[in-house]
Every structure is written in structure tokens, then in C-alpha cells.
Amino acid sequence: MSALTLAAAKTTVHLTSQTRIVAAVLAIAFMLLILELIRRDRLQERYSVIWFVAGLGMLAGAAFPGLLKLVAELLGVRNTNVALFSIVLLLLLGLALNFSVIMSRQAAQITRLAQERALEKARAQAAEDRNGGGRVGSEQARPESERT
Amino acid sequence: MAGRRRASVGESTPVRTLVFIPAWNEEESIAAVIADVREHLPGADILVVDDGSTDATTARARAEGVLVATLPFNQGLGAALQTGYLYALREGYECCAHLDADGQHPAAEVARLLAEVEADRADLVIGSRYRDPDAVAASDDYRPTLSRRIGTSVFRFFLTLATRQRFTDTTSGMRAANRRVMSLFSENYSPDFAEIESLQLAVRQGLRVEEVPVRMLERAGGSSFLTPLRSAFFIFKGVVVLLVGQFRPRQAETER
């Protein structure tokens, strides 16, 4: 039992300079990708901010490995790996929720747009039918005698 | 039925009324429903809201000479109903009513709902199949399926709990409303859980909601979208929606 806990305590993140370089390169590549997506109008600026922050976080983690350990200690998590995964997981969860909120708003906007368009077309149709003498729609167009 | 229109204190100006019919792939029954509404509600304007049908619903309705608002794609009953409320509000109708396009709802019964609204006895009137137990037992006009019966009782229980008002037919698609309801529903209307949440919303906003016993018929065409599994999910979702609805702000100022 004590051997197990000892082993667990020892498995803190130990980044070699090689892995740190790989992580830094990946982070920079990631941010370049974001830039490129914005440049090609595939990603709007307002949705890119959060990804830039994520990229900067990756870069910071690669440049200063002590930072992660510090955060883990602040959170009271003994195992830095667990802290890392937990933080990333929570961030992704928040991001996914953020997208759901954006999606809901856009769904409501699309619905309203569709309704407006449908009503506009219906009104146009009514106007057309009125000119053709059809008995449709808008009450004002109808003579008073026809209503009762 | 035109005699039912309100004689508003001393004068006999007819109340401007819109009857709208949400329709999704109801080409078989839509013409008959329109004819029924014309016969029993001759003073009302008719709007068919085609919720992105893939069949000839729009063409059939247009052939009947009524106004048709065709949504470019299917968005669910709530969005279709909201379109109707939005139109009624913008065009200045004093009353509006809606009924299903599948022929389950006799227009004569809709006229009775409208009479309640026109007499200002309620803001929103729901046509209930179950309000009058004797009539339910006596008539074999309408026979609900088992899953529908379960759903009905579950929704009835939770909605009564949430609103502290007795509702018997929570999913009824036969309703009549005045302008207060129009302005509420044209802004705040759940796109995929129209029937129940709207009742909860109306009661929470302090509107007078009333049920009137009505007679309903078997479906004339089309088929119900509820399979057992979907029913179970539908019921679950409804309960969640009701629960969340209890925490919504009372004043409808949230802009959607």
C-alpha cells in the first residue's frame, strides 16, 4: 500500500527538453493554423480568441514546466498529470458548453428568419391574389359586406 | 356559428379573427380542414403554416384560396405555431385560434373556444378531450393509444404541479387566444416543446388560461409521429422542460 502511494507520488510530470520542444512547436503550429483559418475567412475573429488563449496556454506549459506543478499544488492535487488532465477536461467542457449556447442562439435566429421570410412571401402572395380578384387573407382588403 | 361572434356592447362589429393551421405533410386532409373552418367560422381569415412539408400541402392549401406561409424547412410544431401567432399579432387580429391539420379537430369546436376568448372570459382557451369524463366514456369518436394516455397523465400531473391549475389535455393543439397571448407567444415559444411549456409560460405570466371540453375525431390522414421509444423520450424531455421552466424569469423580457 505504502509502496503504491509512493509510486504514485513519484509519477509527476517530468518533461525532457525534447518533449518541451515538441510541445512548443505544436503550440506554435496550432496558433499559426488559427491565424490561417482567420485569413481564409473560415473562422471568425470573435470565435478565435478562445483558441488563441488555448494555444498560449500550451506554449506557456511547454516553456515553463514549473508552472504546471505550481498550478497543481495550488489546487491541492498531488499528481501533476491528474491536474493537467483535469484542467484540460474542464476547459474543453466549458468550450463545448459555450458552443451549445452559441448554437442555441443561432437556431433561434434561423427560426425567426425562416418565419419572417415565410410571412413575407405569404403577404406577397396575398397582394398578388388580391390583384387577381382572389378571396384571400388580409381583412382590410375585403369589403365590409363580405365579412358578415 | 357566425352568430357566436361577440356583440361588443351595443354594436355588432365582427371581431377580427385569424384561424391558423400548422401543417406538416398533410396534403390528404388539409383541404377538408380548410373547408370545415370556412363552414363553421365564416368570418375568420385563414392562414396555413406549412412547416417545410415535402408533399403538396402548400399547393393544396393554396388551391383552396387561403393564405399560406411556407417555412423553408421543417422546424417543428412550435416554430410553425409561433409563425401563426406572429402573423396574427402583426396584422392586428383581435383573436386567433389554431387547430391541427390532420382533421382531428372539428372547426365547430374551435368556434366555441373563440367565443370564450371573444367574451373575454379567458386569454388562452384550450380545447380538452378529457375535461368531461362522461363524454370521454360515452363517445368512441376519439381513442387515444396507450403511450399517449401515459404521456397525457404524466404531463397532466407535472403541469398541474407547476401551475397549480388543473389541466386535463396538456398536448391539445386546439387553442384560441387574444392579443396578450399573441405578443407573449410570438416572442417566447419553445421551438420543440410547444404545447406544455406554452401553458406553463402563460400561467406564469399571469394570463387566464381555461380549458373547454371538446369533441375530437380520429385522424383523417397521415400518421402520428409517436413510436413507443419516441414517446418515452418525449415524456422525459417534457418533464425536464417543465422543471427548467419553473426557474425562468416571470417577466418575459429575455430577447431571443
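Starting from residues that are within 11 Å of chain A (Cβ to nearest Cβ) and within 20 Å of residue B:127 (Cα to Cα), keep the ones in the range B:63-114 and report whichever is surrounded by the fewest Cβ atoms within 10 Å (Cβ to Cβ). That would be B:94. Taken over the range A:58-91, the residue count meeting the criterion of being part of a helix (DSSP H, G or I) and on the phi > 0 side of the Ramachandran plot is 0. Of these, A:55, A:94, which one is exposed (fewer than 14 other Cβ atoms within 10 Å of the Cβ) and assigned to a helix (DSSP H, G or I)? Every option except A:94 fails the conditions. Scanning the range B:48-65 for residues that are touching a Leu at 6+ places or on another chain (Cβ under 9 Å) and over 19 Å from residue B:104 (Cβ atoms) gives a single hit, B:52.
FYI, it's all coordinate maths here, none of it is from the lab. Everything quoted here is computed from the prediction, not taken from an experiment. Counting neighbours? That spans all protein chains shown, and the Cβs are built from the backbone with ideal geometry, glycine included.
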